[in-house]
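Here's the structure we're looking at; comments come further down.
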Amino acid sequence: MKKMRMKVMMGAVLFAAATGLVGFGQGVPAGGSGQDVSTEPKKFADQEAGFELELPPGWRAENAIENSGKRTLELIYRDRSQSLMRAKKDLIAADDTACLENPVTCLIDREVDGSLRYRPEFGGMKRERFSNPVSKGMILSFSFRRVGKPMTARYYYLQTAKDTVWVLRFEGEKRFHDTLRYQTDKVAYTFRPLP
């Protein structure tokens, strides 16, 4: 009787293992989804884009091609609608004396007056000081609509040299993006231009 019970149990275990009902050393992390469940930030560097930073869990980098054929690096939190970041390096011309005194404020004013204020339902604009170990600057926060959906944006203007300002543009649907403030601050705080 014991031998019979042992054979039935052994058969059940082998069947379960063979059909995948029990995972024996399959390399699937706890949680069982096979997705990255790391809680540690990942170092990210892109020579072509010219910067490095730390990506919190849930963020990934993707390359997109603009209409002009130019490659654009995008950092995405889970889904593009939740948060999407693009970085751009702005150089202030030596003869642009109006901007050389305070490049960050000048670039913010130009961007707001030039394009941002024409976005549907642009509003709720707020400016805050922000700095990290290698730069000082400001955050421009605002809301707008895209394809009928309420959106929020946080643009980090980081002055890394007398004539150089990096702009990290984070945008996403309001219901997701507003909850990611800590993470976007963390990404901007770890931002470093590459030599």
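All of the numbers you see were taken from the coordinates with simple rules; none came from a lab. None of the values given here were measured: they were computed from a predicted structure. Backbone-built Cβ (ideal geometry, glycine too); neighbour counts: all protein chains shown.
So what are the three principal axis dimensions of the range 63-195 from its Cα atoms, in whole Å, longest to shortest?
Extents along the principal axes, in whole Å: 41, 33, 30.
With +1 on each Lys and Arg Cβ and -1 on each Asp and Glu Cβ, and nothing else charged, work out how big the dipole of the range 122-172 is about its Cα centre, in Debye to the nearest 20. If you can, show how the numbers build up before the last one.
Working: 10 positive and 3 negative charges, 32 e Å.
Using only the charged Cβ atoms, the result is roughly 160 debye.
Can you compute the modelled spin-label distance between residue 78 and residue 117, with each label point 7 Å from Cα toward Cβ, in nm?
3.5 nm
Once you put a point 7 Å from the Cα of residue 60 and another 7 Å from the Cα of residue 45, both along the Cβ direction, what distance in nm separates them?
2.3 nm
So for the pair residue 89, residue 185, with labels modelled 7 Å out along Cα→Cβ, what separation do we get in nm?
2.8 nm
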